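Worksheet: one structure, shown below.
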Amino acid sequence: MRLGISHVLSHETPEQWAQDLRALGLSAAVFPVEYAAGDAQIAAYADAARGAGLCIAEVGAWSNPLSEIPEQRQAALEKCKGQLRLAEELGARCCVNIAGAFRGARWDGFHRANYTQEAFEATVRSIQEIIDSVKPKKTYYCMEAMQWMIPDTPQQYLDLLRAVDREAFAVHIDITNWVYSPKTYLYNREFIDEAFDLLGAGVRSCHLKDSKLHDGMTCLLEEVPVGLGGLDIAHYIERAEALSPDTPMIIEHLTGDAAYREAVARVQGIARAAGVALR
C-alpha cells in the first residue's frame, strides 16, 4: 500500500515538502495547495511530488454543497468543481469531500434532515453537477464516509453510487467514521469486510485513524490516533492492500509534526507485522 498523511509538514519549499515525506517512508500525499493558489505554485508542488515519486492520493474539496444558504451552497459547488479540475490536472487518485449538512449551522454537523430522502436526492444532484461540469477522465470524485450524513453505511454508499450513475464517481473509505455503535466497534473486523466486500472495486483512497469505546453511559466512543484504539487496523490495511499495492491510506486528525511522525511509525510497524509492504 501507499502510506501518507493529511498534515502539511513544516517546510520552506515544495522540494523540501516532498523530500520530507519520502524521508518518513511515505509514498502518498494529500496535495497541499488549492486550485486558487495559482499555476506557478501548483506546478511547483506537482513537480516536487513527481520528482520524489509521490502519488497524489487526494485533493480535498472540503465544503458544503448542500448548504441551505444559497450563497454558501454556490461557493461550495464552485470550490468542488475547481478542486476536481485540479485533481484532473494532477492525475490525482481522487478529489474528496463530504456530502455536507442539509440543515443546521455547522457545515459538517449532524441534523435530522441529513437522513431524509430529500437530502439523498440533493446529494445525488450535487455530485452529478460537479462531475458533469468537469468531465474528468483521469481522476474521480468521492464522498468521505460519514457517521451522521450521507453515506452513513456501506450499503448507502452503494445506493449512492447507483443513483449518481457516473463513471467518475468512486469510493473513499474511512472506517472510523462508520464505527458509531458498540456493536460495530466490537465487530469491526467483520464490518471492515462488509465495507470492502460491497465497495472495494471502487475504492480510490482510505483514511486512517482509530476509535476507542469507553465504559460508561450511554455510549462513549472517542476518536483516537491510529493504532491506539480498538479497531483492527492490521485487517483494514490488509483489505486495502488486497485491492492494489497502490491503494493510498492517509493518516489524519492529529496535531503537529511530532504526532504525525509517531503515527507513521506505528502504522509502519502494524503493516510490517501484517506482512504488508509499503511502497
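No lab work stands behind these numbers, since they all come straight from the coordinates. Keep in mind the model is a prediction, meaning the values are calculated, not measured. Quick reminder, even Gly has a Cβ in these numbers, built from the backbone with ideal geometry, and neighbours come from all protein chains shown.
Side notes on the structure shown:
- Nitroxide proxy distance, nm - points 7 Å out along Cα→Cβ at GLU223 and ARG162: 3.0
- Across the options ALA273, ILE233, ALA258, the greatest Cα extent toward the positive end of the charge dipole of the range 228-279 (unit charges at beta carbon of Lys, Arg, Asp, Glu) belongs to ALA273.
- In the chain, the DSSP-assigned H stretches of four residues or longer account for a calculated mean residue ellipticity at 222 nm of -14000 deg cm²/dmol, using -39500 (n - 2.57) per stretch and the full residue count as denominator.
- In this calculation the C-beta distance from ARG279 to GLN19 is compared with R0 = 25 Å, giving a FRET efficiency of 0.90.
- Short to long, the 10 Å bins of the Cα pair-distance histogram for the range 1-135 hold 13, 37, 28, 18, 4 percent of all pairs.
- Per-pair calculated FRET efficiency, R0 = 45 Å: ARG112 and ALA43 via Cβ, rounded to 0.05: 0.50
- Of LYS79/LYS135; LYS81/LYS137; LYS137/LYS209, those spanning more than 22 Å from alpha-carbon to alpha-carbon: LYS137/LYS209
- The alpha-carbon of LYS212 sits under 25 angstrom from the alpha-carbons of these lysines, leaving out residues fewer than 8 places away in its chain: LYS183.
- From the alpha carbon centroid of the range 180-196 to that of the range 201-221 is 9 Å.
- Integer Hz, Karplus 6.51/-1.76/1.60 couplings in order for the range 236-247, x for Gly and Pro: 4, 4, 4, 5, 5, 4, 5, 5, 5, x, 8, 4
- Between the C-alpha center of the range 237-279 and that of the range 28-48 there is a gap of 23 Å.
- Amide H contacts of ILE5 (H built 1.01 Å from N, under 5 Å, at least 5 apart or other chain): VAL30, ILE251
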